[in-house]
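The values are calculated or read from the model by the stated rules, or taken from the named source; none is laboratory data. All figures in this text were calculated on a predicted structure; none of them were measured in a lab. Note that we place each Cβ from the backbone using ideal geometry, even for glycine, and neighbour counts take in every protein chain shown.
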Amino acid sequence: MAEIAEADIYSIIGADGFQRLVVAFYRQVPVDDLLGPMYPADDLEGAEYRLRGFLIGRFGGPQTYIEERGHPALRMRHAPYELNIAARNRWVEIMDRALDEVAFAPEVDQLLRPFFAQTATFLINRWE
Ligand code: HEM
């Protein structure tokens, strides 16, 4: 299998690939008993837009997210949410299902899956 770098992902799946991924992710969020209540019910489109923009910038695409919102500072931005291990695991489960659904090429999938799992662990802010 071809070795690719994280920064190559945007040129492979494009904005359209990230769009398909966040749509598959956010379709599951509002009906989720744990995560649904955390997200802004009246601004899921905005949440989708922010996650997509962040991912595009993170994986080699245009830096629109940073231009609009500044440094991602993800731990700070997640501080308002009670992000315990159960929430982390649920988020990763939903993202894994979204990745299954969009079925990116294996070399892309193999970089994105661990990135999400590791970032989600890094964002845990309640250990009790
Ligand atoms: C671990 C479980 C997680 C939970 C429960 C969670 C929850 C949330 C919630 C409720 C928001 C606010 C939605 C909005 O209005 O934008 C948010 C924003 C965001 N999340 Fe997460 N998140 C998690 C993990 C992650 C991970 C792993 C990433 C990145 C790979 C991520 C990236 C983002 C980004 C980029 C935003 C928008 C920040 C902004 O610009 O305001 N989140 N998250």
Contact list, first residue from segment 75-86 and under 13 Å from Thr119 (Cα atoms) and without any contact (Cβ under 8 Å) to a residue 60 or more places away in the chain, second anywhere and more than 9 Å from the ligand (Cβ to nearest atom) and in a loop (DSSP other than H, G, I, E, B), beta-carbon distance below 6 Å, six or more apart or interchain, is Leu83/Asn125
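Give the residue that is farthest from Phe18 (Cα to Cα), with candidates limited to residues of segment 79-128 that are among the hydroxyl-bearing types (Ser, Thr, Tyr) and surrounded by 13 or more Cβ atoms within 10 Å (Cβ to Cβ). Explain how you work it out, then say what you get.
Taking segment 79-128 and keeping what is among the hydroxyl-bearing types (Ser, Thr, Tyr), we get 81, 119, 121.
Filter once more, so that each one left must be surrounded by 13 or more Cβ atoms within 10 Å (Cβ to Cβ): 81, 119.
On the way: Tyr81: 24, Thr119: 17 Å.
Once the filter is applied, the top-ranked residue is Tyr81.
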- Query: Can you spot a residue in segment 108-115 that is within 8 Å of the ligand (Cβ to nearest atom), touching a residue at least 60 places away in the same chain (Cβ under 8 Å) and part of a helix (DSSP H, G or I)?
  - Reply: yes
For segment 26-36, the count of residues that are outside any helix (DSSP H, G or I) and in contact with a Leu (Cβ under 9 Å, 6 or more places away or on another chain) equals 2
Listed by first then second residue, the pairs whose first member lies in segment 53-64 and is farther than 16 Å from Val108 by Cα and near the ligand (Cβ under 10 Å from one of its atoms), whose partner is modelled with pLDDT of 95 or more and not in a loop (DSSP other than H, G, I, E, B), with beta carbons under 6 Å and at least 6 positions apart or on separate chains, are Gly53/Thr64; Gly53/Tyr65; Phe54/Tyr65
Exactly one of Glu48, Glu68 is in a helix (DSSP H, G or I) and over 17 Å from Val22 (Cα atoms), and that one is Glu68
(message) Among the residues that make up segment 2-25, is at least one of them assigned to a helix (DSSP H, G or I) and closer than 22 Å to Trp127 by Cα?
(response) no
So is Asp96 among the charged types (D, E, K, R), more than 9 Å from the ligand (Cβ to nearest atom) and over 12 Å from the mean Cα position of the chain (by Cα) or not? no
Residue hits (segment 85-122; polar (S, T, N, Q) and in contact with a Leu (Cβ under 8 Å, 6 or more places away or on another chain)) are Thr119
